[in-house]
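Beneath this line is the structure, given in structure tokens, with notes to follow.
The values are calculated or read from the model by the stated rules, or taken from the named source; none is laboratory data. This is a predicted model, so every value here is computed, not measured. As a convention, Cβ positions derive from the backbone with ideal geometry for all residues, glycine included, and neighbour counts pool all protein chains shown.
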Amino acid sequence: MAELNQDSGGDKKGGKIRSKKQGGRVDLTAMVDLAFLLITFFMLTTSLNKPNAMDVAMPDKNEEDPEDRLEIADTRTMTLLLGSNNKIEWYLGEYSNPIEGPEVVGYGKDGIRPILLQKLEEIPQRTGEGLIVVIRPSDKSTHRNLVDILDEMNIVGAKQYMIGTISEPEIEVLERDGLYND
């Protein structure tokens, strides 16, 4: 092994002899112990948050085959148009010839929830099959509105619902009723 010799300068040419000074040494053992104790303390006292996520089944992005389209009776389809000002416009059936509506309501237990509960009970008695809810957010509705209506679907126990794109005639209905503004 190699050794490193440090010359103090006293042997040759009349140099002064200097004493070797050793640098100060700090013992960090206690600080490491304290750090581990703090980490352990905060890990045990902090509650871990579960992410709030909602399961939404989305179709494949494959090209749609006309034979794969499922025809659904208008008597069991309810469409929700999400507009601005935290309002919803709903109708039952086809847009051009609605069975009921369109009607403007709000969110929550005094808004869309009693209507959904009524239709979820009424439609199976009338048609023999369950209600299908089509949710169509406009570009003036907020992300919060979509989350709220998906929460309402879970609260009322709707089994079949989908998120679709809004059409131009439906946007015109929202504009007519003052639900398509900033």
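Just a few scattered comments:
- Taking first residues from the range 158-176 that are touching a residue at least 40 places away in the same chain (Cβ under 8 Å) and on the phi > 0 side of the Ramachandran plot and partners that are of a type in the set (S, T, N, Q) and part of a strand (DSSP E or B), no Cβ contact under 6 Å between residues at least 6 apart in sequence or on separate chains turns up.
- Filtered residues of the range 99-118 (kept if more than 27 Å from the chain's Cα centre (by Cα) and either within 12 Å of L81 (Cα to Cα) or crowded, with 17+ Cβ neighbours inside 10 Å (or both)): G101, P102, E103
- Of the residues K87, K119, the single one that is more than 19 Å from L174 (Cα to Cα), in contact with a strand residue (DSSP E or B) (Cβ under 7 Å, 6 or more places away or on another chain) and among the basic types (K, R) is K119.
- The number of residues in the range 159-182 that are of a type in the set (F, W, Y) and exposed (fewer than 14 other Cβ atoms within 10 Å of the Cβ) comes to 0.
- Test result for D27, at pLDDT below 70, outside any helix (DSSP H, G or I) and surrounded by fewer than 10 Cβ atoms within 10 Å (Cβ to Cβ): no
- Pairs with Cβ under 6 Å, 6+ apart, first in the range 118-139 and closer than 26 Å to T165 by Cβ, second among the polar types (S, T, N, Q) and crowded, with 17+ Cβ neighbours inside 10 Å: I132/T77; V134/T79
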